[in-house]
1. Measure up LYS104/LYS263; LYS263/LYS318; LYS235/LYS328; LYS235/LYS268; LYS41/LYS61 against 30 Å on the Cα-Cα distance and list the ones that go over.
2. Using the per-residue mean of other Cβ atoms lying within 10 Å as a proxy for protection, in what order, highest first, do the peptides 410-416, 229-235 fall?
3. Students often check this: by mean Cβ neighbours within 10 Å, which of 343-355, 18-30, 204-216 ranks highest, and how do the rest follow?
4. Quick one, can you get me the convex hull of the C-alpha atoms of the stretch 173-380 expressed as volume per residue in Å³?
5. What does the charge add up to near VAL173, with Lys and Arg as +1, Asp and Glu as -1, over the other residues with Cβ less than 12 Å from its Cβ?
6. Taking every Cα atom in the stretch 235-338, find the radius of gyration and the maximum pairwise distance Dmax, and write them in Å.
7. Grab the Cα-Cα distance for TYR283 and ASP410, subtract it from 0.36 nm times how many residues apart they are, and report the gain in nm with one decimal.
8. Given the peptides 456-466, 369-379, arrange them by the average over their residues of other C-beta atoms within 10 Å, most packed first.
Amino acid sequence: MVDRSDFNAVDDAAWEHAVAREAVIRRLASTATPNRTEFLKACRDLGLKRSRLYELIRAYKARPVTSSLLMASAGSPSGSRRLPDEIEAVISGAIEDFFKSRQKPSINALQKEVRRRCSQRGLRAPCWTTLRDRVAALDPAELTAAREGAKASRQRHRPVPGSYQVERAYEVVQIDHTLVDVIVVDRVHREPLQRPWLTLAIDVASRMVAGFYLTLEPPSALSVALAIQHLVQPKFDWLEALDIDADWPAEGLPETIHVDNAKEFRSKAMKRGAEEHGISLQYRPIGAPHYGGHIERLIGTMMGAVHLLPGSTFSSIKDRGDYDSVAKSAMTLDELEHWMALEITRYHAERHRSLGIPPVAAWNEAYGRRGAPLRLPYDLVGFRIDFLPSTERMVRRDGIHLFGLRYWDDILSLWAGRQDRQMRVAYDPRDLSTIFVRTPDGQRYPVRFADLRHPSITLAEHRRAQAILRERGRALEDEVLIFEVIEEQRALVDAATSETREARRFSERRDRALDGVRAYEAEDADPEPEENENVLRDHPGFYVEEWS
């Protein structure tokens, strides 16, 4: 008799036999002492000895189900071992010492090792199938941990209870980065630069792309903030500027933003900005990559499409073969952004394999399940500022000092020289010409360089100038020297852009940042100055600079 927990695996004849027994044995098991005449009749009807019938009655009382009455098959029980203990010890030792290693030997190699050890002991070596069965009986998680490491074992075998069920649009938005599998060229000389970074956001309920951001810089808190701004803002005007006629309805404040544990997702600006606008930040449990499966699959889909572009690096050296990605590169970052927008809108309109409908249709259904419209930032300008990096600064009598630069506006006169209070100062690393000061009453004011003759500069240029001054042994806080060095460096970079890729990279990043800010200011210009004091001169540009 065996325990057949998976009764669906039992053959029909054995199951029918057990069903016939169950009807008889259920009656006998229902009484404490079976009637002798009925008991003997059951033995004759079932063709069983009395001792065997007693065993079946006890088994049925313990587990009153038909499968408890299945007969054991003839032969040795499954998993039993009939080899001598000495040979079993050799096999176990070879598996532990040899097979469970990072070299990941095959079963054929294990057989040779077992033969060698048996020969040393004068034992008869077991056959290949015996070793195969011993390996198959090992715990897969334990074997993977021994051969590939604990992390690989967790990722492959750790249970994933339940499913990640999200019903409403923007209930959960996942965000992650990837290095794009294509090399872009600069706008001036159209010479190869590098692979850009892409930050993507996906609405889990509908699988719609919520927003994205392209940059030449590694991921930072600012690149995350700009991706969040893109997912929150309406897409119509942005698509119209790109001359794309498509429906991209994703906009509004998400309930939860789901990210991994990278440092750019744990910045103070990110946390405080989300808290300010009632957005919950959810971090992926360490060692549980399946929690970010939706965004990772989207990244895989987008990169699969990118592989068709000129200058693609593909996903591996093997896939790339002898394709010269650098020589074939042809697209600027602006052109790649345009192409990415087209690809995303095409993805929205095609049937999604998991959903069975296009993401845009799934969005409409998921939005309908919300019961209330999505929230929008009451102040989109303030929303942008809240996600910028910031620091505390005193308002001195001559203004605010940040990065060795001085800022002034008449509004600061109210707090100038008061040493009892610091103010929150936000800045955009793409353009240090303007900072954004939050006053004690909660208002935000843009404050420009005290010397308006200074040109707009990026934080990258400023840091580079300070490094040069440090090498020269000069004062790092001398504002005049800082701008002189920046102008000197700009002249050198501009002269070298046709010769070195590094110079082209720096020039491209600088020009994209500053040109983008100017374009945004022109677009967002307000004819009424008094109504425009709190306007953030931000833009959908592509420069990101890391900061500590």
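1. LYS104/LYS263; LYS263/LYS318; LYS235/LYS328
2. In descending order of packing, they fall as 229-235, 410-416.
3. Top of the packing list down: 204-216, 18-30, 343-355.
4. 138
5. -3
6. Cα-based Rg and Dmax for the stretch 235-338 come out at 18.2, 51 Å.
7. 41.5 nm
8. The most tightly packed comes first, giving 456-466, 369-379.
The numbers here are math on the coordinates, done by the rules we state, and not lab data. Since we're looking at a predicted model, the values are computed, not measured. Here the Cβ is made from the backbone with ideal geometry for all residues, glycine too, and neighbour counts use every protein chain on show.
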